[in-house]
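Quick notes on the structure that follows.
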Amino acid sequence: MKNLLMTLTASLFLFSCGTESSTDEKCEEGCKKENCTHSDNSKKECSADCTKECCADKKEKEFSLGDVNPALESKLKDISGSEMFIEQIGKKTGALFIFSCNTCPFVVGNGEKSEGWENRYNGIQELADKLEIGFALINSNEAKREKEDSFDEMVRHAEEMNYKGINYLLDENHKVADMFNAMTTPHVFLFNDQNELVYTGAIDDNVDKKNEVKENWLKDAMNAMAEGTEIMTPKTKNMGCSIKRVKH
């Protein structure tokens, strides 16, 4: 039932911001565009070979559970004006990163239809402090950098929404998002004290109303990690607006 509710909620936002397709779907679409020139094979065999090579190459680039944070040496600018390495965010228990922005309805809400997930951020920060987990938001919307997701707008938005002690980092040219294969706002990545990915996906199961959440996936993962117990749901489906990348 909860998956149905999230699916219905997502449909309300498709027109306003769009959603990001999965890695497998993108791989399949990319494979269809591959040009194959093996003249000694039939078209069917040729297509199969190209698809296999194309998808294998893309899957090698995926960032998966258990992988070490690949962006530790990346240096990003915080809304405080200071620059910091991703590695500096981590604390005794681990580090948490949520890709976010200033405008996506899945983050900021959609009037009376939805609260958005942003109203969970301060609570997440409080829990992270308690559990000694470093926490930062990352804005990778480079295609909107001259507009709604500029650095100045990030500062303004954090003040307006009363972010309490939350680092909000500008990811220039979406370099960190690319390393994580982050696709949406929001998109959650939780790392343990060894910088290994232990949870990724959504914050919880109800973007519309915080007080109607049934599954607190992120908070449960944070508590389990801090307690040294198994994270029962280490991966969920991320949902939100696509990160607005630019072509290089």
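The values are calculated or read from the model by the stated rules, or taken from the named source; none is laboratory data. Predicted model, so just to flag it, every value in this text is computed and none were measured. Using ideal geometry, Cβ is built from the backbone for each residue, glycine included, and neighbour counts are taken over all protein chains shown.
If the condition is being of a type in the set (Gly, Ala, Ser) and part of a loop (DSSP other than H, G, I, E, B), then region 185-205 contributes only Ala202.
In a residue-by-residue description of region 213-224, the property of being in the same structural domain as Glu87 (by TED's automatic domain parsing), in contact with a Pro (Cβ under 7 Å, 6 or more places away or on another chain) and in a loop (DSSP other than H, G, I, E, B) applies to no position. In region 105-123, the qualifying residues are those that are of a type in the set (D, E, K, R) and either outside the structural domain of Lys209 (by TED's automatic domain parsing) or more than 21 Å from Lys219 (Cβ to Cβ) (or both), and the one that is surrounded by the fewest Cβ atoms within 10 Å (Cβ to Cβ) is Glu112.
Yes or no, residue by residue, for (1) part of a helix (DSSP H, G or I); (2) over 25 Å from Ala143 (Cβ atoms); (3) at pLDDT below 95:
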position	(1), (2), (3)
Lys77	no, no, no
Gly81	no, no, no
Glu87	yes, yes, no
Lys91	no, yes, no
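Collect the residues in region 156-171 that are outside any strand (DSSP E or B) and either buried (at least 16 other Cβ atoms within 10 Å of the Cβ) or not assigned by TED's automatic domain parsing to the domain that holds Asn119 (or both), keeping them in residue-number order.
Scanning region 156-171 gives His157, Ala158, Met161, Tyr163, Ile166, Asp171.
Kindly establish whether Lys75 is among the basic types (Lys, Arg), out of contact with any Lys or Arg (no Cβ under 8 Å at 6 or more places or on another chain) and without any contact (Cβ under 8 Å) to a residue 60 or more places away in the chain.
Values: among the basic types (Lys, Arg): yes; out of contact with any Lys or Arg (no Cβ under 8 Å at 6 or more places or on another chain): yes; without any contact (Cβ under 8 Å) to a residue 60 or more places away in the chain: yes.
Spelling it out, Lys75 is indeed among the basic types (Lys, Arg), out of contact with any Lys or Arg (no Cβ under 8 Å at 6 or more places or on another chain) and without any contact (Cβ under 8 Å) to a residue 60 or more places away in the chain.
When the criteria are applied in full, Asp152 meets the requirement of being free of Cβ contacts under 8 Å to residues at least 24 places away in the same chain and surrounded by fewer than 20 Cβ atoms within 10 Å (Cβ to Cβ).
Within region 118-146, how many residues are more than 13 Å from Leu169 (Cβ to Cβ) and touching a Phe, Trp or Tyr at 6+ places or on another chain (Cβ under 6 Å)? Residues meeting the conditions: 2. Can you confirm whether Ala182 is over 15 Å from Arg120 (Cα atoms), in contact with a helix residue (DSSP H, G or I) (Cβ under 9 Å, 6 or more places away or on another chain), of a type in the set (Gly, Ala, Ser) and outside any helix (DSSP H, G or I)? It is true that Ala182 is over 15 Å from Arg120 (Cα atoms), in contact with a helix residue (DSSP H, G or I) (Cβ under 9 Å, 6 or more places away or on another chain), of a type in the set (Gly, Ala, Ser) and outside any helix (DSSP H, G or I). Among the residues in region 214-228, are any out of contact with any strand residue (DSSP E or B) (no Cβ under 8 Å at 6 or more places or on another chain), among the hydrophobic types (A, V, I, L, M, F, W, C) and over 21 Å from Asn69 (Cα atoms)? Checked region 214-228: no residue is out of contact with any strand residue (DSSP E or B) (no Cβ under 8 Å at 6 or more places or on another chain), among the hydrophobic types (A, V, I, L, M, F, W, C) and over 21 Å from Asn69 (Cα atoms).
Just to verify a result, which residue in region 43-75, among those that are closer than 20 Å to Asp178 by Cβ and basic (Lys, Arg), is modelled with the highest pLDDT?
That would be Lys75.
Looking across region 181-201, the residues that are of a type outside the set (S, T, N, Q) and within 8 Å of the chain's Cα centre (by Cα) come down to Ala182, Met183, Pro186, His187, Val188, Phe189, Gly201.
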